[in-house]
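The values are calculated or read from the model by the stated rules, or taken from the named source; none is laboratory data. Because the structure is a prediction, the values reported are computed rather than measured. When we count neighbours, we look across all protein chains shown, and the Cβ atoms used for this are built from the backbone with ideal geometry, even at glycine.
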């Protein structure tokens, strides 16, 4: 970009930053809470809904072109956030003393008209597969072409979970082969076995790719069945039809064919292999005693991909605490969105005002409140606005792999993602907070803030694994997101439910997710104050926050502490 044009744009950013900070803080309502110093309470109370409003307004302007990672608009968003951190008084905590942590990425778009797959039996005629309607796939390696000819192994759910005494890979050498696996995880009503009806990470398709890659597989075929996936084939098809990004040198993304197949296609494969009814096999695979089987059918394929390499930064700042010895707190929110759809007619800018302009506005106000507090926090507090969340939590994954301090020195991560500014919430969703030793404090603070804590309404959907806090949890950092529930002051739950349904139906991941002057940001401010208090108390307590015993993330936490 020409230097004069960039300078003009940065001047606009500086003017917007100065205007947002020039307003006097509005006094918010923060209850008296045991263990919270008066100065910290005052800092939390200074969190201003109008400042959040102005951050959201600016970040969702057409000027920022939908904040696509690796684009001019994404870079402008990162520069704006870094400028806000600097003006608020934070210290840079990115690479080499800067505000930025560059994240190396590459994007893959499968050339559907040039990509072919077929099932080839040991004897008989090959069965070609129609790309899109029967199979979809991505090459995770970043190469433009791939030729595949490998035997297929049916591995049931494709899970190795020693804490549940479960290993679908027992006795199998998967090197150079294709793993055929079922979506989701073994059904259970026992909370001590794959957490009953709640989905664990073992049931997520990302885990199945990663585990098979760790074992040397060249590809994975996930069998889609709508009732097990909780979404139809169209969701799979549409998600694979677009460009998908990966981290450069990600050791868990090495598959030449990260693929899904339709249920009926899998039945055809079972017929060719003489394995009988697929649904009966799925039932058997969910019970103890299942054994993997190598099919007498191979997957052959030719994959062609368009590959685009780019860099997009995480923005990282720090507020120094009294002690730098660990027990640091981290706040996160992604700033990226979907950019511009060059092929769309009419409004083609995905402004992402709610998703996730709101989370960024909250993060920036939290950073300002901490940095300008009359009393320093007990330990360091970090703030990171991460990139490429919409590409698969990639910015936060990179942050987890390359944290500014060792992961074991973080006591807690609190994440904010897409909080609709429609009023003052009287309930909150804190899915995953119950996993932590910090849970009693969370309950106590929520009660003081008059926030009813709601259970996960759809535990089988695995929402805990779909936001940036998960990237920190998987490296052992206790983490969860702060989200509003459906009950708002002055309304019943039906009203709140209708607001969310309207957003999902008409604005989620659409160009119409634009800033509305009528939005009420007091609710965003309330949840920011709530998160401020939680972070301060986590920093204040004598021992760091830990996972509950036998939680799936306790193992990486212990591994990080042993380093």
Residues being surrounded by fewer than 21 Cβ atoms within 10 Å (Cβ to Cβ) and either closer than 22 Å to residue 544 by Cβ or touching a helix residue (DSSP H, G or I) at 6+ places or on another chain (Cβ under 7 Å) (or both) - total across segment 450-461: 2
The listed residue being closer than 22 Å to residue 246 by Cα and buried (at least 19 other Cβ atoms within 10 Å of the Cβ), out of 70, 132: 70
Residue match in segment 380-398 (condition: crowded, with 23+ Cβ neighbours inside 10 Å, over 30 Å from residue 109 (Cα atoms) and touching a helix residue (DSSP H, G or I) at 6+ places or on another chain (Cβ under 6 Å)): yes
Condition met for residue 513 (in contact with a helix residue (DSSP H, G or I) (Cβ under 7 Å, 6 or more places away or on another chain), assigned to a loop (DSSP other than H, G, I, E, B), touching a residue at least 60 places away in the same chain (Cβ under 8 Å) and under 30 Å from residue 346 (Cα atoms)): yes
In segment 535-545, residue surrounded by the most Cβ atoms within 10 Å (Cβ to Cβ) [restricted to those that are closer than 17 Å to residue 477 by Cβ and out of contact with any helix residue (DSSP H, G or I) (no Cβ under 7 Å at 6 or more places or on another chain)]: 538
Verdict on residue 13 being crowded, with 18+ Cβ neighbours inside 10 Å and at pLDDT below 95: yes
Some residue of segment 276-295 being under 28 Å from the mean Cα position of the chain (by Cα) and within 24 Å of residue 224 (Cβ to Cβ): yes
Single condition residue 420 does not satisfy, out of (1) in contact (Cβ under 8 Å) with a residue 40 or more places away in the chain; (2) over 14 Å from the mean Cα position of the chain (by Cα); (3) more than 22 Å from residue 353 (Cβ to Cβ): (3)
Given (1) within 13 Å of residue 478 (Cα to Cα); (2) surrounded by fewer than 21 Cβ atoms within 10 Å (Cβ to Cβ); (3) touching a strand residue (DSSP E or B) at 6+ places or on another chain (Cβ under 7 Å), number of the condition residue 520 does not satisfy: (1)
Tally of residues being over 14 Å from residue 323 (Cα atoms) and not in a loop (DSSP other than H, G, I, E, B) across segment 520-552: 17
From the options 414, 420, 453, residue that is in a strand (DSSP E or B) and over 23 Å from residue 314 (Cα atoms): 453
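Every residue, every condition in (1) modelled with pLDDT of 95 or more; (2) in contact with a strand residue (DSSP E or B) (Cβ under 7 Å, 6 or more places away or on another chain), yes or no:
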{"site": "450", "(1), (2)": "yes, no"}
{"site": "455", "(1), (2)": "no, no"}
{"site": "470", "(1), (2)": "yes, no"}
{"site": "475", "(1), (2)": "yes, no"}
{"site": "478", "(1), (2)": "yes, yes"}
{"site": "483", "(1), (2)": "yes, yes"}
{"site": "491", "(1), (2)": "yes, no"}
{"site": "514", "(1), (2)": "yes, no"}
Strands (runs of 3 or more DSSP E) enclosed by segment 105-181 - at least 3 residues per element that are in contact with a strand residue (DSSP E or B) (Cβ under 9 Å, 6 or more places away or on another chain) and within 30 Å of residue 193 (Cβ to Cβ): 145-154
